[in-house]
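S.K.: Please read through the structure below; I'll follow up with questions.
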Amino acid sequence: MRFSVNSDELMARLTATSRVMASKTALPILDNFLFNLTDSTLELTASDGETSMATRMDVENVEGSGMIALPAKLLLDTFKVLHGRTVDFDIDMNTYAVKLSSGSWKAEYNGVDGDAYPKLTSLDASNTNTVRMQAQTLSLGISHTIFAVSTDTLRPTMMGIFLDIDAADNKITFVATDMFHLSQVKSSIVEASGNCSVIIPANAAKLLKTILGKEGEDVVVSWDAKNILFELNDFTLVCRQIEGNFPNYKNAISIQWNKELVIDRNSLISAVRHIEPFAEQSNKGVKFDVRENQITVSAQSLDYGTAATEDVVCAYSGEPFEMTFKTESITNFCSYMETSDVVMKIESPYRGVVVEPLFNTSDEGEDHQNYEMLCLVMPMTTL
């Protein structure tokens, strides 16, 4: 089996798929990439046993076809220093000996039989849901919710991003929560097979972010009772879905708020970051003392005898009140709200606070008409 490939393109695809691979694996075959040559198309696959990523690329000077598993580390180390070259592969499919050459450079590898490599999981066609959306929609939905995903293994259904599809309105809702924070993004889809939902594992979502990006491209997401398949141009990602019932996020965000304040997003982030070093290290809590048109952000550490305050202008008229939040709760959510101002909606200082971006004509950047974002932040009971 022979073929020629551009070294830079191969390296880019090896790098992308290698992110799936585990640093340690009980199956030695998973320390390899699977090369599958058919006609003039080379498919590269990497897997950790549960999640697999494949990518396809065109190659030249093809002779023969077949599958072989090649050592991942050696390939990555080789091609990261071979820039702008055409590299010829000459593979003996009987012994799995591999010869590489480019000009005066030559190298030899030993591969293994590709039949031993785990194949991409196929979905149950009789029980499959499908949704098509722009790649940019999926990318934004992941990036604006992933920070709220739980890491608590006792709550596995919250260790991923929930996709809730409304086929009638061609809408998708991305939700993530750890019961202390919640982030929700609504956007449009191209089409869906029906109303359906699925939970994407956080690790798979992070992998998707590395291959999503080009505006105008579509991604197709399909799933059956166990697995999820993502298809985007030359890439395919297959993973196990998280089984179980996601928390009722609609009830969580249905608060009867009676207080509303508007504040400059960057001023709020800056104030919290200025105060954070003076907070108790055990909880990183900062207090919001809200008065008419002003928030005083403060923190103190009894252990070190330190304290700090900073005033921030806001738009608020009503009774004074106080709330305490973890610093990361405020900075994480506000960092992903790409508007000048944010609005905080409050029912009680002891219940969750809804935070939303406040769009106006002066805001630039992402087309906010294509998505809606809402965050729920639970206050701390004590400082």
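No value in this document is a laboratory result; all are computed from the given coordinates. Just so you know, these numbers come straight off a predicted model, no measurement behind them. Virtual Cβ from ideal backbone geometry, glycine too; neighbours counted across all protein chains shown.
S.K.: Select from TYR109, GLY194, LEU268 the residue farthest towards the positive end of the dipole of the chain; place +1 on Cβ of Lys and Arg, -1 on Cβ of Asp and Glu, and compute about the Cα centre.
M.R.: TYR109
S.K.: Say a site is exposed when it is one of the chymotrypsin sites (Phe, Trp or Tyr not before Pro), sits in a DSSP loop, and has at most 12 other Cβ atoms within 10 Å; what is then the longest site-free stretch of the chain?
M.R.: Looking at the chain, 1-303 is the longest stretch - no exposed chymotrypsin sites (Phe, Trp or Tyr not before Pro) with at most 12 other Cβ atoms within 10 Å.
S.K.: Sum up the charges of everything whose Cβ sits under 11 Å from the Cβ of PHE33, counting Lys and Arg as +1 and Asp and Glu as -1, but leave PHE33 out.
M.R.: In short, 0.
S.K.: Right, here's the next one. Over all Cα pairs of segment 1-97, how is the pair count split among 10 Å bins, expressed in % and running from 0 up to the last occupied bin?
M.R.: Values per bin, smallest distances first: 16, 51, 30, 3.
S.K.: What relative contact order, as a whole-number percentage, does segment 125-251 give when Cα pairs under 8 Å and 6 or more residues apart are counted?
M.R.: RCO, segment 125-251: 31 percent.
S.K.: Cα centroid distance between segment 322-344 and segment 80-137, in Å?
M.R.: 44
S.K.: Whole percent per 20 Å bin, from 0 to the bin with the longest distance: what is P(r) over all C-alpha pairs of the chain?
M.R.: 25, 44, 26, 5, 0
S.K.: Given a Förster radius of 56 Å and the C-beta distance between PHE278 and LYS209 as r, what FRET efficiency does 1/(1 + (r/R0)^6) yield to the nearest 0.05?
M.R.: 0.95
S.K.: In addition: Could you work out how far apart the two model spin labels at SER197 and ASP289 are, taking each label as a point 7 Å from the Cα in the direction of the beta carbon, and quote it in nm?
M.R.: Computed distance between label sites SER197 and ASP289 equals 4.2 nm.
S.K.: Which one, VAL81, VAL272, VAL312, has the greatest fluctuation when you compute a Gaussian network model over the chain with C-alpha springs under 10 angstrom?
M.R.: Per the Cα network of the chain with a 10 Å cutoff, VAL81 tops the list.
S.K.: Please give the charge dipole size of the chain, origin at the Cα centre, charges +1 on K and R Cβ atoms and -1 on D and E Cβ atoms. Round to the nearest 20 debye.
M.R.: The calculated dipole for the chain is roughly 740 debye.
S.K.: Grab the DSSP H runs of the chain that are 4 residues or longer, score each as -39,500 (n - 2.57), total them, divide by all residues and round the 222 nm result to the nearest 500 deg cm²/dmol.
M.R.: Helix contribution divided over all residues of the chain: -4500 deg cm²/dmol.
S.K.: For the chain, modelled as a GNM with alpha-carbon contacts under 10 angstrom, which of GLY216, GLY141, GLY111 fluctuates the most?
M.R.: Its mean-square fluctuation being the largest, the pick is GLY216.
S.K.: Relative to the longest principal axis of the chain, what angle (0 to 90°, nearest 10) does the C-alpha long axis of helix 265-275 take?
M.R.: 80
S.K.: What is the gain in length, in nm to one decimal, between GLU50 and ALA107 on full extension, counting 0.36 nm per residue of separation less the C-alpha to C-alpha distance?
M.R.: Taking GLU50 through ALA107 to full extension adds about 17.3 nm, to one decimal.
S.K.: Using the alpha-carbon atoms, what tilt in degrees (0 to 90, nearest 10) does helix 7-18 show relative to the longest principal axis of the chain?
M.R.: Computed tilt is about 60 degrees.
S.K.: Can you give me the Cα centroid spacing of segment 1-75 and segment 209-238 in angstrom?
M.R.: Their Cα centres are 18 Å away from one another.
S.K.: Considering only DSSP states other than H, G, I, E and B, which trypsin sites (Lys or Arg not before Pro) in segment 100-169 qualify as loop sites with at most 15 other Cβ atoms within 10 Å?
M.R.: Here the sparse-neighbourhood loop sites are LYS119.
S.K.: For helix 202-211, report the angle its Cα long axis makes with the longest principal axis of the Cα atoms of the chain; keep it between 0 and 90° and round to the nearest 10°.
M.R.: Helix 202-211 and the main axis of the chain meet at about 70 degrees.
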